[in-house]
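> Here it is, the structure, as structure tokens.
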Amino acid sequence: MFPSHKRSNIKINKSSIVLNLHPVFKARNILHPYAYLIKLGINTTSANKMLKGEIVQLNFNQMTVLCTSLNCTPNDLFALREMNLPENHELNKIKPLKPKEETISVQEWLNQKSVDEVQEILKKRNTEE
């Protein structure tokens, strides 16, 4: 039988899969993430915890609202803290959690590419669809 404890006892630093909204907000040029979350109907406490990386639970309604409004998948919302996993483990497919300063917007990323590189990326994307 599982030990009985409240979810509020979950320690944040023990969770290896974390909600990481900052890269998605940056890619979508959302300058005021807190206001954005509030407009989506997420309460102030949850919005604060989401932005601080302190949220320990996310319900399917919140995930659906985030994915729909941000035009992304649940995989885009999560990151993986360092874990000791076998090399072929499926969780390794989740992007690693990076410090905020390493995240760049799509516009910044494109600014680093030549016109030829951008055209090649677009051509490749069109052939995949």
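What follows draws every value from the coordinates through simple rules; no lab data is involved. The model shown is predicted, which means the values in this text are computed figures rather than measured ones. Note: ideal-geometry Cβ built from the backbone for every residue, glycine included; neighbour counts use all protein chains shown.
> Between L85 and M63, what FRET efficiency comes out of the Förster formula 1/(1 + (r/R0)^6) with R0 = 30 Å and r the beta carbon distance, rounded to 0.05? Show your work: numbers first, answer last.
Numbers: r = 23 Å, r/R0 = 0.78.
Efficiency at R0 = 30 Å is approximately 0.80.
> Give, as ranges by residue number, the residues of the range 57-89 whose backbone N falls under 13 Å from the point 7 Å along Cα→Cβ of L97.
Correct set: 57, 78-84.
> Now for a separate question. Work out from phi, with θ = phi - 60° and the Karplus expression 6.51 cos²θ - 1.76 cosθ + 1.60, the ³J(HN,Hα) of each residue of the range 48-55, listed in order in whole Hz, and give x for Gly and Pro.
4, 5, 4, 6, 8, x, 9, 6
> So, one more: Which entries in K52/K124; K52/K98; K49/K95 show an alpha-carbon gap greater than 25 Å?
On the way: K52/K124 36 Å; K52/K98 14 Å; K49/K95 21 Å.
Correct reply: K52/K124.
> To continue, here is another question. Using just the C-alpha positions of the range 41-87 as equal point scatterers, what log10 of I(q)/I(0) does the Debye formula give at each q in 0.16, 0.19, 0.27, 0.29 1/Å?
Rounded to two decimals, the profile gives -0.52, -0.70, -1.13, -1.22.
> Could you sort 61-67, 113-119 so that the peptide with the highest average Cβ count within 10 Å comes first and the rest follow in order?
Numbers: 61-67: 15.6, 113-119: 9.7.
Result, highest mean Cβ count within 10 Å first: 61-67, 113-119.
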